[in-house]
Amino acid sequence: MEDQDFALFIARIKEKTAIDLSQYKEAQMKRRLTTLRMKHGFTTFKAYWEALQSTPKLLDEFLDRMTINVSEFWRNPTRWGALENRFMPEILKENRSPKIWSAACSTGEEPYTLAMILDKLGSLERSSLLATDLDAGVIAKAMKGEYAERSLKDVPKDYLQSYFSQRNDAFVVADKLKRAVRFKQHNLLHDRFEGPFDLIVCRNVMIYFTDEAKQFLYHNFSKALRPGGLLFVGSTEQIFTPSQYNLETVETFFLQTYPITAEQGIFISRFSNTKRQTPKMEDHNGQTQSGSRLSLRFYHLTGMCANIGPRQPAGERDHGKPGSCRE
């Protein structure tokens with residue numbers, strides 16, 4: 001009965017919010033929600049659900065507790081150094097106006113780190129920088145751009161001096177960085193993706209999802225990248241066979257989509273400077289085809305929109321607005 005009570009609660013939450021909690025690791029999610037339910041004195045998820053429907057404040061608390069929001073500027077500084085000194089200059093050589101997405105951006109430390117790097121490289125004003133998260137509350141905090149000192153412990157000293165001002169006990173991000181980042185509410189497991197991107201950053205998020213959800217997302221991240229685009233993941237994530245997602249590892253936590261060279265039938269990586277034969281893959285019908293032929297079917301070089309979940313009505317969802325179509 002307890003399992004049925006929880007399963008029905010999950011189904012009702014999906015109907016109401018389009019958030020599919022079944023794609024998160026069940027033990028973690030059930031423990032988190034049981035603690036929250038019992039805190040308010042509800043003995044069943046059915047009773048808790050009825051209260052959520054009639055009490056907006058309770059629903060807001062539920063949505064806040066359901067999402068995981070842990071972020072810092074320059075988290076894992078060595079990896080951000082690799083992005084700044086190796087990968088971003090290469091991206092800018094090929095595209096002076098890159099399109100970048102910080103997925104599951106939490107309270108904004110990650111996209112603002114990207115904005116600082118782009119500004120130092122002289123490309124911030126020419127770049128498109130999208131930052132999304134499921135939680136509308138953290139997006140509001142990100143747009144405000146105020147942070148405690150502990151969030152800045154890994155920020156290089158020259159960046160700290162150039163891009164932050166102190167206001168009482170908080171450090172405030174420079175207005176030029178705020179103007180450069182476009183924040184939106186977005187559900188990775190349900191909403192459609194924009195694209196194609198030169199760089200997608202999604203770090204330390206996948207550990208909360210089921211294996212099925214991870215595979216779904218890696219496939220769609222790959223489709224949302226330009227041929228030769230880069231995926232930057234976190235230290236908690238390992239992709240054991242990236243080729244199944246049309247990706248190759250070019251450095252720890254950095255993966256690249258295969259650039260298409262159909263005439264030669266090979267892939268050339270601009271980051272690793274390697275040349276190798278096109279791998280054989282199976283298409284949706286189980287027929288073996290060359291990787292370049294499959295890639296041409298995966299990638300639409302203009303106007304691409306990767307579908308992630310049910311098709312939505314036309315219209316784009318900005319912060320606080322319903323609907324979600326990424327065209």
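Would you check if there is a residue in the range 144-152 being within 29 Å of LYS25 (Cα to Cα), surrounded by fewer than 20 Cβ atoms within 10 Å (Cβ to Cβ), among the hydrophobic types (A, V, I, L, M, F, W, C) and out of contact with any Leu (no Cβ under 8 Å at 6 or more places or on another chain)?
No, because not a single residue in the range 144-152 is within 29 Å of LYS25 (Cα to Cα), surrounded by fewer than 20 Cβ atoms within 10 Å (Cβ to Cβ), among the hydrophobic types (A, V, I, L, M, F, W, C) and out of contact with any Leu (no Cβ under 8 Å at 6 or more places or on another chain).
Counting only residues that are exposed (fewer than 13 other Cβ atoms within 10 Å of the Cβ) and of a type in the set (Gly, Ala, Ser), which one in the range 236-277 is modelled with the highest pLDDT?
The selected residue is ALA262.
May I ask you to verify whether ASN85 is at positive phi and of a type in the set (S, T, N, Q)?
Answer is no for this residue.
Run ASP198 past the list (1) closer than 20 Å to CYS105 by Cβ; (2) buried (at least 18 other Cβ atoms within 10 Å of the Cβ); (3) modelled with pLDDT under 95 and report the number of the one that doesn't hold.
Unmet condition: (3).
Pull up the range 5-49, narrow it to residues that are part of a helix (DSSP H, G or I) and of a type in the set (Gly, Ala, Ser), then point me to the one that is farthest from THR210 (Cα to Cα).
ALA47
State yes or no: is ALA213 closer than 19 Å to MET29 by Cα, in contact (Cβ under 8 Å) with a residue 24 or more places away in the chain and either buried (at least 18 other Cβ atoms within 10 Å of the Cβ) or out of contact with any Gly (no Cβ under 8 Å at 6 or more places or on another chain) (or both)?
So ALA213 passes the test.
Starting from the range 121-135, take each residue that is within 17 Å of ASP175 (Cβ to Cβ) and list its partners that are assigned to a strand (DSSP E or B) and among the aliphatic types (A, V, I, L, M), counting only C-beta distances under 9 angstrom and pairs at least six apart or across chains.
Note: pairs meeting the criteria are SER127/ILE100; LEU129/ILE100; LEU129/VAL181; ALA131/VAL181.
Of everything in the range 205-238, what is in a loop (DSSP other than H, G, I, E, B) and either under 16 Å from ASN187 (Cα atoms) or basic (Lys, Arg) (or both)? Give them in sequence order.
Within the range 205-238, VAL205, THR210 meet the criteria.
Can you confirm whether the range 169-177 contains a residue that is in a loop (DSSP other than H, G, I, E, B) and surrounded by fewer than 22 Cβ atoms within 10 Å (Cβ to Cβ)?
Taking every residue of the range 169-177 in turn, at least one turns out to be in a loop (DSSP other than H, G, I, E, B) and surrounded by fewer than 22 Cβ atoms within 10 Å (Cβ to Cβ).
Run ILE100 past the list (1) assigned to a helix (DSSP H, G or I); (2) surrounded by 16 or more Cβ atoms within 10 Å (Cβ to Cβ) and report the number of the one that doesn't hold.
(1)
Determine, yes or no, whether ASN85 is under 21 Å from ALA180 (Cβ atoms), surrounded by fewer than 21 Cβ atoms within 10 Å (Cβ to Cβ) and out of contact with any helix residue (DSSP H, G or I) (no Cβ under 9 Å at 6 or more places or on another chain).
So ASN85 passes the test.
Within the range 15-66, how many residues turn out to be touching a residue at least 60 places away in the same chain (Cβ under 8 Å), surrounded by fewer than 14 Cβ atoms within 10 Å (Cβ to Cβ) and of a type in the set (S, T, N, Q)?
1
The values are calculated or read from the model by the stated rules, or taken from the named source; none is laboratory data. These figures come from a predicted structure and were not determined experimentally. Neighbour counts are summed over all protein chains in view; Cβ atoms, including those assigned to glycine, are modelled from backbone coordinates with ideal geometry.
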